[in-house]
1. Would you point out which residue out of 40, 57 is crowded, with 16+ Cβ neighbours inside 10 Å, out of contact with any helix residue (DSSP H, G or I) (no Cβ under 8 Å at 6 or more places or on another chain) and not in a strand (DSSP E or B)?
2. From the residues in the stretch 128-148 that are in a strand (DSSP E or B) and more than 14 Å from the chain's Cα centre (by Cα), which one is surrounded by the fewest Cβ atoms within 10 Å (Cβ to Cβ)?
3. Residue 119 - would you say it is farther than 17 Å from residue 54 by Cβ and assigned to a strand (DSSP E or B)?
4. So is residue 108 assigned to a loop (DSSP other than H, G, I, E, B) and either at pLDDT below 95 or surrounded by 12 or more Cβ atoms within 10 Å (Cβ to Cβ) (or both) or not?
């Protein structure tokens, strides 16, 4: 075999390997961005966290809850209008996160409910949050605590 042929084959193999490794398989299955919570005033019992969650897989999944260093229980909640009043309620079936999509959890919308806070959340602090999915996937992130008014 000629050196030119062997070089061409080697380049082809390297390019093919790079193409396969560079696909979605190399990305994190789920990506969390801009995870934050508001500081809490007084002696709080509960808080909320907000974030952007991207599903980089080819399979739909459902965010069903999590765990945290900041609270005893983590649930996924939403706000609903009940007459003239906005009320929070848990999403018992979780939050669908479609394949290739990003969902936004934000104030007055869907959010991560921090139930039974272990301590007040103070601006500038950070805490760990692990998100759990119906598929069994788990994603860890760090949540930044922001001032009440920003």
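1. It is 40.
2. Taking the stretch 128-148 first, the residues in a strand (DSSP E or B) are 128-133, 138-146.
Narrowing further to those that are more than 14 Å from the chain's Cα centre (by Cα): 145-146.
Values: 145: 20, 146: 16.
So, considering only residues that are in a strand (DSSP E or B) and more than 14 Å from the chain's Cα centre (by Cα), the one surrounded by the fewest Cβ atoms within 10 Å (Cβ to Cβ) is 146.
3. So residue 119 fails the test.
4. yes
The values are calculated or read from the model by the stated rules, or taken from the named source; none is laboratory data. The model shown is predicted, which means the values in this text are computed figures rather than measured ones. Reconstructed Cβ throughout: ideal geometry from the backbone, glycine too, with neighbour counts over all protein chains shown.
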